[in-house]
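Peer 1: Pasting in a structure now, in structure tokens, and then I'll have a few things to ask.
The values are calculated or read from the model by the stated rules, or taken from the named source; none is laboratory data. For clarity, every value in this text was computed on a predicted model and none was experimentally measured. Note that we place each Cβ from the backbone using ideal geometry, even for glycine, and neighbour counts take in every protein chain shown.
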Amino acid sequence: MEKRTIVKLPGDGIGRVVLDETIRVLDAAGFKADYVEGDIGWEFWKTEGEALPKRTIDLLQKHKIALFGAITSKPKDEAAEELDESLKGKGLIYSSPIVNLRQHFNLDICARPCKTYKGNPLNFIRRGANGEIEEPEVDVVIFRQNTEGLYGGVEWTNPNDKVYDGLMTHPKFVKNFGNTPREELSISTRIFTRKATERIVRAAFEHAKKYGYKSVTVAEKPNVIRETSGMMYKLAQQIQKADYPDIELWNTNIDAQMMWLTKNPEKYGVIVAGNMFGDIISDGFAGLIGGLGFACSAQMNPDSGVAVFEPTHGSAPKYADYPVSIVNPIAMIESACMMLDHIEEYEIAKKIRASVAKVIENKEIQTYDMKKMQGRPDVIEKGAASTSQMADAIIANL
């Protein structure tokens, strides 16, 4: 096995502890790697005015593959208040470093698998036709366009003359907002490009073909957001007809899809959506398999080979200060398994996933979320496993 160099990006809050425990699992499973740490997150924003320093970009440019923990993001005004005094008043504006990372490296393909673990007490259950309890098996992969849409960052408050004059050429803007004082306007754009939209749709179909999923669902809103959602669905129709006729193409409105999550989640395979809707629906499906403690993700650019693997949960800063970490590391461990698949270390990934499944099914070691406790420091005394104890159990079952 080739020894690799992996960029380690702990980030903020609980990011460091879940990443460190994950590396312990990788080591125990036989994955050989050197880890170089990159600076990213809130502390670097406060002290340098840049949450994603250029030195970190250079590291990822060189080594290509990164494991990322979690990030803290705060509103613009609050971020400005927390800057070091020497940096205030210099026009620095905070923006999410993970969003900037995606856009800098064009990590436009984001995959978020949500799969049921047998025995997980947090799995979604429902009542059947005769009142019996059913526990549907969820096995869904959401493909989220990761660089455009509402996360593209093209926004204005009190738009300048050129922007305002351009908006005033649209009759619906004139009718609905033409009498609104300009200083009262805040505008966020939702931009889709044909190239990026086709890439994410094709990636979804390719994944379905490779892993035997029978359907790809476009979860957008083409009946209302006609230009952007409409383009995605139209491209999906063309791609399915030309290249993937054996895979069914389904079209659902995002609002209806969120309702159907709890009606028939087992019927869905691969889902593709734009940036915001993909973010929303992946959290929805994560709720069916146990929550964000089980939600992993990959974001990549197939052209450059740069790929970042991260749990979809946040930095949970209040938990970072507990004397013993209580957070569930499985989402981070699953993200590392996605990394292993990406670099074709399939056997190690398979071994780790089997160990995670065994720990969950045994039900002897459970973190506070799995025990349905509130996240307080005393949960360890009440029988919940710590972060490191969960990692220990996974290692013991390898």
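Peer 1: Is it fair to say Ala111 is out of contact with any Gly (no Cβ under 8 Å at 6 or more places or on another chain), more than 30 Å from Ile281 (Cα to Cα) and not aromatic (Phe, Trp, Tyr)?
Peer 2: Working: out of contact with any Gly (no Cβ under 8 Å at 6 or more places or on another chain): yes; more than 30 Å from Ile281 (Cα to Cα): no; not aromatic (Phe, Trp, Tyr): yes.
No: the conditions fail for Ala111.
Peer 1: Still on this structure: Take Pro10 and tell me if it is farther than 14 Å from Ser96 by Cα, modelled with pLDDT of 95 or more and either out of contact with any helix residue (DSSP H, G or I) (no Cβ under 6 Å at 6 or more places or on another chain) or assigned by TED's automatic domain parsing to the domain that holds Ser325 (or both).
Peer 2: Values: farther than 14 Å from Ser96 by Cα: yes; modelled with pLDDT of 95 or more: yes; either out of contact with any helix residue (DSSP H, G or I) (no Cβ under 6 Å at 6 or more places or on another chain) or assigned by TED's automatic domain parsing to the domain that holds Ser325 (or both): yes.
Taking the combined requirement at face value, the residue satisfies it.
Peer 1: Related question: Identify, please: which residue in region 81-126 is among the hydroxyl-bearing types (Ser, Thr, Tyr) and in a loop (DSSP other than H, G, I, E, B) and is, among those, farthest from Arg353 (Cα to Cα)?
Peer 2: Within region 81-126, the first condition is being among the hydroxyl-bearing types (Ser, Thr, Tyr), and the residues that meet it are 86, 94-96, 116-117.
When the remaining residues are screened for being in a loop (DSSP other than H, G, I, E, B), the result is 94-96, 116-117.
Values: Tyr94: 37, Ser95: 35, Ser96: 31, Thr116: 12, Tyr117: 10 Å.
Checked region 81-126; the qualifying residue farthest from Arg353 (Cα to Cα) is Tyr94.
Peer 1: Tell me yes or no: at least one residue of region 181-201 is assigned to a loop (DSSP other than H, G, I, E, B), more than 31 Å from the chain's Cα centre (by Cα), farther than 21 Å from Asn301 by Cβ and not charged (D, E, K, R). Show your work before the answer.
Peer 2: First pass over region 181-201, keeping only residues assigned to a loop (DSSP other than H, G, I, E, B): 181, 185, 189-190, 192-193.
Now restrict to residues that are more than 31 Å from the chain's Cα centre (by Cα): 181.
Narrowing further to those that are farther than 21 Å from Asn301 by Cβ: 181.
In the following step, the residues that additionally are not charged (D, E, K, R) were identified as 181.
Yes, that holds for at least one residue.
Peer 1: A further question on this structure: Given the criterion touching a residue at least 60 places away in the same chain (Cβ under 8 Å), touching a strand residue (DSSP E or B) at 6+ places or on another chain (Cβ under 7 Å), among the aliphatic types (A, V, I, L, M) and assigned by TED's automatic domain parsing to the domain that holds Phe31, identify the matching residue among Val324, Val308. Spell out how you get there, then give the answer.
Peer 2: Details: Val324 fails: touching a strand residue (DSSP E or B) at 6+ places or on another chain (Cβ under 7 Å).
Of Val324, Val308, the one residue that is touching a residue at least 60 places away in the same chain (Cβ under 8 Å), touching a strand residue (DSSP E or B) at 6+ places or on another chain (Cβ under 7 Å), among the aliphatic types (A, V, I, L, M) and assigned by TED's automatic domain parsing to the domain that holds Phe31 is Val308.
Peer 1: Of all residues being touching an Asp or Glu at 6+ places or on another chain (Cβ under 9 Å) and within 24 Å of Arg199 (Cα to Cα) in region 73-102, which is surrounded by the most Cβ atoms within 10 Å (Cβ to Cβ)? Just the residue, please.
Peer 2: Applying the filter and picking the extreme gives Pro97.
Peer 1: Same structure again: Could you list all residues from region 208-251 that are over 18 Å from Gln145 (Cα atoms), part of a loop (DSSP other than H, G, I, E, B) and hydrophobic (A, V, I, L, M, F, W, C)?
Peer 2: Correct list: Val224, Ile247.
Peer 1: Taking region 236-273 on its own, how many of its residues are out of contact with any Ser or Thr (no Cβ under 8 Å at 6 or more places or on another chain) and of a type outside the set (D, E, K, R)?
Peer 2: 18
Peer 1: Let me confirm something: among Arg102, Arg16, Arg55, which residue is over 20 Å from the mean Cα position of the chain (by Cα), on the phi < 0 side of the Ramachandran plot and outside the structural domain of Val272 (by TED's automatic domain parsing)?
Peer 2: Details: Arg102 fails: over 20 Å from the mean Cα position of the chain (by Cα); Arg16 fails: over 20 Å from the mean Cα position of the chain (by Cα).
Matching residue, one of Arg102, Arg16, Arg55: Arg55.
Peer 1: Of everything in region 118-149, what is aromatic (Phe, Trp, Tyr) and over 19 Å from the mean Cα position of the chain (by Cα)? Give them in sequence order.
Peer 2: Of the residues in region 118-149, the ones aromatic (Phe, Trp, Tyr) are 124, 143.
Of everything in region 118-149, just one residue is aromatic (Phe, Trp, Tyr) and over 19 Å from the mean Cα position of the chain (by Cα), namely Phe124.
Peer 1: So which residues in region 336-375 are out of contact with any Phe, Trp or Tyr (no Cβ under 7 Å at 6 or more places or on another chain), part of a loop (DSSP other than H, G, I, E, B) and touching a residue at least 24 places away in the same chain (Cβ under 8 Å), if there are any at all?
Peer 2: Once the filter is applied, which keeps residues that are out of contact with any Phe, Trp or Tyr (no Cβ under 7 Å at 6 or more places or on another chain), part of a loop (DSSP other than H, G, I, E, B) and touching a residue at least 24 places away in the same chain (Cβ under 8 Å), region 336-375 yields Ile343, Lys363, Glu364, Ile365, Gln366, Thr367, Tyr368, Asp369, Met370, Lys371, Lys372.
This table checks each residue for (1) among the β-branched types (Val, Ile, Thr); (2) closer than 30 Å to Tyr211 by Cα; (3) surrounded by 16 or more Cβ atoms within 10 Å (Cβ to Cβ).
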| site | (1), (2), (3) |
| --- | --- |
| Ala349 | no, yes, yes |
| Val356 | yes, yes, yes |
| Val359 | yes, yes, yes |
| Asn362 | no, yes, no |
| Ile365 | yes, no, yes |
| Lys372 | no, no, no |
| Arg376 | no, no, no |
| Glu381 | no, no, no |
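Peer 1: Then there's this: State all residues of region 81-95 that are under 22 Å from Gly13 (Cα atoms) and modelled with pLDDT of 90 or more; if no residue qualifies, say none.
Peer 2: At the first step, the residues of region 81-95 found to be under 22 Å from Gly13 (Cα atoms) are 81-84, 93-95.
Within region 81-95, Glu81, Glu82, Leu83, Asp84, Tyr94 meet the criteria.
Peer 1: Just give me the residues in region 127-158 being out of contact with any Ser or Thr (no Cβ under 9 Å at 6 or more places or on another chain) and part of a loop (DSSP other than H, G, I, E, B), in sequence order.
Peer 2: Gly128, Ala129, Asn130, Gly131, Glu132, Asn146, Thr147
Peer 1: Among the residues of region 220-237, which ones are polar (S, T, N, Q) and out of contact with any Asp or Glu (no Cβ under 9 Å at 6 or more places or on another chain)? Let's see the steps before the verdict.
Peer 2: First, the residues of region 220-237 that are polar (S, T, N, Q): 223, 228-229, 237.
Within region 220-237, Asn223, Gln237 qualify.
Peer 1: Sort out which residues of region 256-314 are of a type in the set (Val, Ile, Thr), part of a loop (DSSP other than H, G, I, E, B) and at pLDDT 95 or above, and write them in order of number. Working first, answer last.
Peer 2: First, pick out the residues of region 256-314 that are of a type in the set (Val, Ile, Thr): 262, 270-272, 280-281, 289, 306, 308, 312.
Narrowing further to those that are part of a loop (DSSP other than H, G, I, E, B): 262, 289, 306, 312.
Passing the criteria: Ile289, Val306.
Peer 1: Answer yes or no as to whether Thr5 is surrounded by fewer than 23 Cβ atoms within 10 Å (Cβ to Cβ), more than 25 Å from Lys318 (Cα to Cα), of a type in the set (S, T, N, Q) and out of contact with any Leu (no Cβ under 8 Å at 6 or more places or on another chain). Give the derivation first.
Peer 2: Numbers: surrounded by fewer than 23 Cβ atoms within 10 Å (Cβ to Cβ): yes; more than 25 Å from Lys318 (Cα to Cα): yes; of a type in the set (S, T, N, Q): yes; out of contact with any Leu (no Cβ under 8 Å at 6 or more places or on another chain): yes.
Yes; evaluated as a whole, the condition is true for this residue.
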